[in-house]
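**Q** Next up is a structure, given as structure tokens.
The values are calculated or read from the model by the stated rules, or taken from the named source; none is laboratory data. Bear in mind the structure is a predicted one, so any value in this text is a computation, not a measurement. Cβ atoms come from the backbone with ideal geometry, glycine included; neighbour counts cover every protein chain shown. When the accessible area is computed, the model is the full protein with side chains, heavy atoms only, and any ligands, DNA or RNA have been set aside. Shrake-Rupley method; radii C 1.70, N 1.55, O 1.52, S 1.80 Å.
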Amino acid sequence: RSNYPLGTEMSDPIRVLVTDDHTLVRQGISHLLSDSDGFEVVGEAGSASEALALAQESRPDVVLLDISLPDGSGLDVAKELRAALPDTKIIMLTMHDDAAYVLRAVDAGAEGYVLKDAGPSELRSAVRAVHQGEAYFSPAVAGQLTAALRGEIDAKGDDDPLSRLTRRETDILRRVAEGNTSKEIARELSISHRTVESHRESVMKKLEIHSVAGLTRFAVENGLV
């Protein structure tokens, strides 16, 4: 199916990998792009590890990447994708609209940053833009990014406490905040109870937070849960 006029040469579609841990969101985006001329969805991923594996396998033109994933941060995934697949463009697709996250996304190698409340036309425009080598930021965050770069916003940047944590520590922090015990986390991640406790102690030390309630509040405030 094509809406291109007869006699018009159709260029290759933009190959997109969609990553989001919410199935309905992921499938909705995939259907939106698949039903639009000029796009081909080459895969869907629901986790950081799955995104990395599928990206290596399919080598998409553009990866749509959520920041909050069940097994790690999309920002870490962006860094790994940038190193492994330098020609693949990355768009962060997220609910986080503050300058600190935008700056971290740019530092991680993302060419685009689109809020999840964006309309279909904006998403398509963003994918086309980054595929053509341009940058794209949702209007709601573009102004904040400009102001932050000018020093008008006290963006966290590298001082963000989350940047001190490893991917595993972030994953365990998220699970603790969701109410899981160390034994439950150990079972889910197939690691020992002692390893979980070690990571948990490291998280508390790095964040200077010494209670589960404090960790939960931190996780909520930073969009991990």
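**Q** Can you tell me which residue among LEU64, LEU85, LEU115 is within 25 Å of GLY38 (Cβ to Cβ) and touching a His at 6+ places or on another chain (Cβ under 9 Å)?
**A** LEU115
**Q** Go through (1) closer than 20 Å to LEU69 by Cα; (2) open to solvent by 30 Å² or more (accessible area, probe 1.4 Å); (3) free of Cβ contacts under 8 Å to residues at least 40 places away in the same chain and name the single condition ARG104 misses.
**A** (3)
**Q** While we're looking at this one, here's another question. Give just the number: which of (1) closer than 25 Å to ARG26 by Cβ; (2) at pLDDT 85 or above does GLY133 not satisfy?
**A** Against the list (1) closer than 25 Å to ARG26 by Cβ; (2) at pLDDT 85 or above, GLY133 comes up short only on (1).
**Q** Against the condition surrounded by 14 or more Cβ atoms within 10 Å (Cβ to Cβ) and within 26 Å of the chain's Cα centre (by Cα), how does SER202 come out, does it pass?
**A** Against the criterion (surrounded by 14 or more Cβ atoms within 10 Å (Cβ to Cβ) and within 26 Å of the chain's Cα centre (by Cα)), SER202 qualifies.
**Q** Follow-up. Restricting to segment 23-36, name every residue that is open to solvent by 40 Å² or more (accessible area, probe 1.4 Å) and touching a residue at least 24 places away in the same chain (Cβ under 8 Å).
**A** If the condition is that a residue be open to solvent by 40 Å² or more (accessible area, probe 1.4 Å) and touching a residue at least 24 places away in the same chain (Cβ under 8 Å), then VAL25, LEU32 are the ones that fit.
**Q** Can you tell me which residue is nearest to ARG82 (Cα to Cα) among those in segment 37-58 that are surrounded by fewer than 18 Cβ atoms within 10 Å (Cβ to Cβ) and in contact with an Asp or Glu (Cβ under 8 Å, 6 or more places away or on another chain)?
**A** Among them, the one singled out is SER49.
**Q** Further, regarding this structure: For segment 68-79, name all the residues that are open to solvent by 10 Å² or more (accessible area, probe 1.4 Å) and within 9 Å of the chain's Cα centre (by Cα).
**A** If the condition is that a residue be open to solvent by 10 Å² or more (accessible area, probe 1.4 Å) and within 9 Å of the chain's Cα centre (by Cα), then SER68, SER73, ASP76 are the ones that fit.
**Q** What is the one condition in (1) closer than 30 Å to VAL176 by Cα; (2) at pLDDT below 95 that ALA51 does not satisfy?
**A** Unmet for ALA51, out of (1) closer than 30 Å to VAL176 by Cα; (2) at pLDDT below 95: (2).
**Q** Another question, if that's okay. Only residues that are in a loop (DSSP other than H, G, I, E, B) and among the small types (Gly, Ala, Ser): list them for segment 25-47, please.
**A** Of everything in segment 25-47, those that are in a loop (DSSP other than H, G, I, E, B) and among the small types (Gly, Ala, Ser) turn out to be SER36, GLY38, GLY46, SER47.
**Q** Failed condition for VAL63, given (1) buried (at least 16 other Cβ atoms within 10 Å of the Cβ); (2) β-branched (Val, Ile, Thr); (3) without any contact (Cβ under 8 Å) to a residue 60 or more places away in the chain; (4) out of contact with any Lys or Arg (no Cβ under 8 Å at 6 or more places or on another chain), with all others met?
**A** (4)
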